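Asker: Before I ask anything, let me first share the structure, which is written out below as structure tokens.
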Amino acid sequence: MSNAMWGGRFAEGPDAVLEAINASIDFDRRFYAQDIRGSKAHVGMLAEAGIVSFEDAAAIEKGLDEVLAEIEGGRFTFSRALEDIHMNVESRLAELAGPSAGRLHTARSRNDQVATDFRLYVRDALDGLDRQLLGLQQALVEKAAKHAADVMPGFTHLQSAQPVTFGHHLMAYVEMIGRDRGRVHDARRRMNECPLGAAALAGTSFPIDRDFTARALGFDRPTANSLDSVSDRDFVLETLSLAAICAGHLSRFAEELVLWSTPQFGFVRLSDRFSTGSSIMPQKRNPDAAELVRGKTGRVVGALVGMLTVMKGLPLAYSKDMQEDKEGLFDALDTLSLSIAATAGMVEDMEPDLAAMRRAAGAGYATATDLADWLVRVVGMPFREAHHVVGRIVAKAAEKKVGLERLPLADMQEVEPRVTEDVFEVLGVRNSVRSRVSYGGTAPKNVRAQITRWRRRLGRESKR
């Protein structure tokens, strides 16, 4: 038999294979709350505009509330034959509200309906991600506050470069996640237009009030072009893009946790809550949570690439290809949310080995730049010349297998006679980090100032 929802044109029902490939109810049932919310706003507008009676609108709204209660109570039976969440809700509504239910779909199409539901869902998801990322920032800030002056090595090319503080390193991720949250806010603002009323692609001849439905659903305004309204998935692409960037940031931090927790580094110990053991090696403590955060980034990036590929060749307006816009996004958002939660947990629980960090901070002649800066400031040497002089001094230290702070003054003076005893004041790692007072530098007083700034900002944002 033909499909009861759209089958008037068809004498036969769909093939089982078509039904299987066409149905989306297995995944778009997530939209149930947004779908019912959109339908209530739509029928409310239809009643206010005199397109349906208030009696019919009241019966529809009552029936929609019953459908919502059934779904949330686990009593609703989803049918693949009805394809999607929209038809499942409407079919059950017809059983509950009778003939009045047939008026709900006046002046709308599944095209603008799904576009609206999807925006509502993504908007809710972005709000949830923003709250999670704020929590992660707070965890990083509080951990950084405990270690604003504790020295560790800073790296370039994964080689010891210059000393920094552990607090400064953690605050770098606070800044990165701040940009992630900025992208969340930007995406939410851009997508906050309501497609409802665009109908299938050309608008409708009914005297609808699109501003009414936009306001009722918390949108800033209705979308301005009916063709664009139903075919736009920029908000999905933008959400996946910001998710991929954010997942990349989490992956970079996870990679550092993996390295830092090895015996070779020994900088941090992850708690038992975020570590696992080995089935054969009883001594092992594996940083599986960090590794999985790192690995799951591939799923998020893959979802972005998949969606870009789906959309790249589609003519206006709606094509069934766009049904592929949901599963990848759902998985990406779920994955990112789980990764944020795992990262926040690891940050809160991890314990740094400050002695190991301090020992490593002086390795690899990490204060060589401090020595070059001293030659510029005290001796008046051009920096490029100082760079070469220090290179020769480092070579002497390497030959004697000692750090710069342990190289005898006489050996330095063989290279540059104007070096004095005062140079040793800049060669210790603590002196080095204290000297980095330029804005954004690693000096502990700078780090504490940034922590204060972020605490105030995050405190205000958490109260919104």
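The values are calculated or read from the model by the stated rules, or taken from the named source; none is laboratory data. Treat the numbers as computed from the prediction; the structure is a model and nothing was measured. Heads up, the Cβs are rebuilt from the backbone with ideal geometry, glycines too, and the neighbour counts pull from every protein chain shown. To get the accessible areas, we keep the full protein, side chains included, count just its heavy atoms, and leave off ligands, DNA and RNA. Shrake-Rupley method; radii C 1.70, N 1.55, O 1.52, S 1.80 Å.
Asker: Is it possible to state the helix-based mean residue ellipticity at 222 nm for the chain, with each DSSP H run of 4+ residues giving -39500 (n - 2.57), the sum divided by total residues, to the nearest 500 deg cm²/dmol? What is it?
Answerer: Per the formula, -19500 deg cm²/dmol.
Asker: Can you give the longest stretch of the chain with no exposed loop site, where a site means chymotrypsin sites (Phe, Trp or Tyr not before Pro) in a DSSP loop (not H, G, I, E or B) with at most 11 other C-beta atoms within 10 Å?
Answerer: Between the exposed loop sites, the longest stretch runs 11-438.
Asker: Let me ask something additional. Of the GluC sites (Glu not before Pro) in the stretch 246-299, which ones lie in a loop per DSSP and count no more than 15 other C-beta atoms within 10 Å?
Answerer: Values: sites: 255, 256, 291; in loops: none.
Here no GluC sites (Glu not before Pro) fit, given the DSSP loop and packing criteria.
Asker: When a/c is below 1.5 the answer is rounded, else prolate if a/b is larger than b/c, else oblate, so apply that to the chain with a ≥ b ≥ c taken from the square roots of the Cα gyration tensor eigenvalues.
Answerer: Details: a/c = 3.19, a/b = 2.71, b/c = 1.18.
Prolate, because a/c is 1.5 or more and a/b exceeds b/c.
Asker: Shape call for the stretch 123-238 from the C-alpha gyration tensor, a ≥ b ≥ c root eigenvalues: rounded (a/c under 1.5), prolate (a/b greater than b/c) or oblate?
Answerer: Prolate shape, in that a/c is at least 1.5 and a/b is the bigger ratio.
Asker: Here is a further query. Would you mind listing how long the stretch 325-464 runs along its three principal axes, going by Cα atoms, in whole Å with the largest first?
Answerer: Per principal axis, max minus min of the Cα coordinates gives 68, 33, 32 Å.
Asker: With a 1.4 Å probe and all protein chains left in place, how much of the accessible area of the stretch 423-464 comes from carbon and sulfur atoms, in whole percent?
Answerer: Ligands and nucleic acids excluded, carbon and sulfur give 50 percent.
Asker: In debye to the nearest 20, how big a dipole does the stretch 361-462 give about its Cα centre with +1 on each Lys and Arg Cβ and -1 on each Asp and Glu Cβ?
Answerer: 900
Asker: Based on the alpha-carbon gyration tensor of the stretch 138-188 and its eigenvalue square roots a ≥ b ≥ c, which shape applies: rounded if a/c is under 1.5, prolate if not and a/b is larger than b/c, or oblate?
Answerer: Since a/c reaches 1.5 but b/c is at least a/b, the shape of the stretch 138-188 is classed as oblate.
Asker: Around residue 254, under 12 Å between beta carbons, what's the net of Lys plus Arg minus Asp minus Glu among the other residues?
Answerer: For residues surrounding residue 254, the net value is -1.
Asker: To the nearest 10 degrees, how steeply does helix 444-462 sit against the main Cα axis of the chain, on a 0 to 90 scale?
Answerer: 10
Asker: Within 10 Å of each candidate Cβ there may be at most 10 other Cβ atoms; applying that plus a DSSP loop requirement, which trypsin sites (Lys or Arg not before Pro) in the stretch 312-399 survive? Mind showing how you got there, number by number?
Answerer: Values: sites: 312, 320, 326, 358, 359, 377, 384, 392, 396; in loops: 312, 326.
Passing sites in the stretch 312-399 are 312.
Asker: Also, I was wondering about something else. Treat every Asp and Glu Cβ in the chain as -1 and every Lys and Arg Cβ as +1, leave all other atoms uncharged, and give the resulting dipole magnitude about the Cα centre to the nearest 20 debye. If you can, show how the numbers build up before the last one.
Answerer: Numbers: 60 positive and 63 negative charges, 399 e Å.
Taking the Cα centre of the chain as origin, the dipole is about 1920 debye.
Asker: Here's another thing I want to ask about it. Hey, could you pull the Cα Rg and Dmax for the stretch 17-106, both in Å?
Answerer: Expressed in Å, the Cα Rg and Dmax of the stretch 17-106 come to 13.3, 43.
Asker: Follow-up. If you roll a 1.4 Å probe over the heavy atoms of the protein chains, what accessible area per residue do you get for the chain, in Å²? Show your work: numbers first, answer last.
Answerer: Details: 22120 Å² over 464 residues.
On a per-residue basis, 48 Å².
Asker: Take the residue pairs 284/396; 284/445; 40/326; 143/396 and return only those whose Cα atoms are more than 29 Å apart. Mind dumping the intermediate values first?
Answerer: Working: 284/396 40 Å; 284/445 39 Å; 40/326 23 Å; 143/396 39 Å.
Flagged as over cut-off: 284/396; 284/445; 143/396.
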